[in-house]
Amino acid sequence: MAALGNPEMLTRKIKLWDINAHITCRLCEGYLIDATTVTECLHTFCRSCLVKYLEENNTCPTCRIVIHQSHPLQYIGHDRTMQDIVYKLVPGLQEAEMKKQREFYQKLGMEVPGDIKGELCNMKPHLDPQRNVIIGDTKPEDTLNKETAEEKQDEDNDYHRSDEQVSICLECNSSKLRGLKRKWIRCSAQATVLHLKKFIAKKLNLASFNELDILCNEEILGKDHTLKFVVVTRWRFKKSPLLLHYRPKMDLL
């Protein structure tokens, strides 16, 4: 009980080096980027590292447990909580990663995804000293009004969340279901195939979303796949929008 009253006994500083093993990818030995967890054993890796590894393997790189005999990619999922922890613990990692992604898309001549634009804009006040507000510093009234108007315009034009957005075209390829009145949608890249199933089922007044299959390139997608995962692994280097088809389960094309 005496130890509980001693502040020195309650305060303990932990060095980043001591927890590196818990926030790094076993495959590339770098800090986790787009953290992805194997649902079978809960081991986490960078998504790009894990996807590349599972192209030729079906076991976990850490414990070697069989993820799935034929479709291991359907049994991994984005771990947003872990990624948030890594970004909070490692100074400058998120800013550096967003910069790399922006340069990558620009090099390919592709439009920078919405979340990278948004996060870079949000980081700019921290990276650019000239944008910091100093107590006691005053600006001309017309300058303040101009900045306020520009900020309001940016807010009015921002119809989506700050995370990455994906444009999708949902087509029906079965005579047993009707097509959507509005087949073009735009949503978060972190949304899953399950979200799309629920969306379609609601729009078509289906009894259950479990009655649907969603396909990309004629391949049935796992319900836990995020749209970003589908774009990277099934729609890579193809132009927007992401084309997906839906049909009743077990409906033979």
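I need the full set of residues from segment 52-67 which are of a type in the set (A, V, I, L, M) and more than 14 Å from D224 (Cβ to Cβ), in order please. Passing the criteria: L54, I65, V66. Working only within segment 92-107, note down all residues that are in contact with a helix residue (DSSP H, G or I) (Cβ under 9 Å, 6 or more places away or on another chain) and not aliphatic (A, V, I, L, M). Scanning segment 92-107 gives Q94, E95, E97, K99, Q101, R102, Y105.
Considering each of D154, D163, D224 in turn, give the residue that is exposed (fewer than 14 other Cβ atoms within 10 Å of the Cβ) and either modelled with pLDDT under 85 or touching a strand residue (DSSP E or B) at 6+ places or on another chain (Cβ under 9 Å) (or both). It is D154. Looking across segment 227-253 at every residue that is more than 22 Å from L204 (Cα to Cα), touching a helix residue (DSSP H, G or I) at 6+ places or on another chain (Cβ under 9 Å) and modelled with pLDDT of 85 or more, the one that is surrounded by the fewest Cβ atoms within 10 Å (Cβ to Cβ) is identified as V232.
The values are calculated or read from the model by the stated rules, or taken from the named source; none is laboratory data. Please read these numbers as outputs of a predicted model, since none were measured by experiment. Cβ sites come from the backbone with ideal geometry, for glycine too, and all protein chains shown count toward neighbours.
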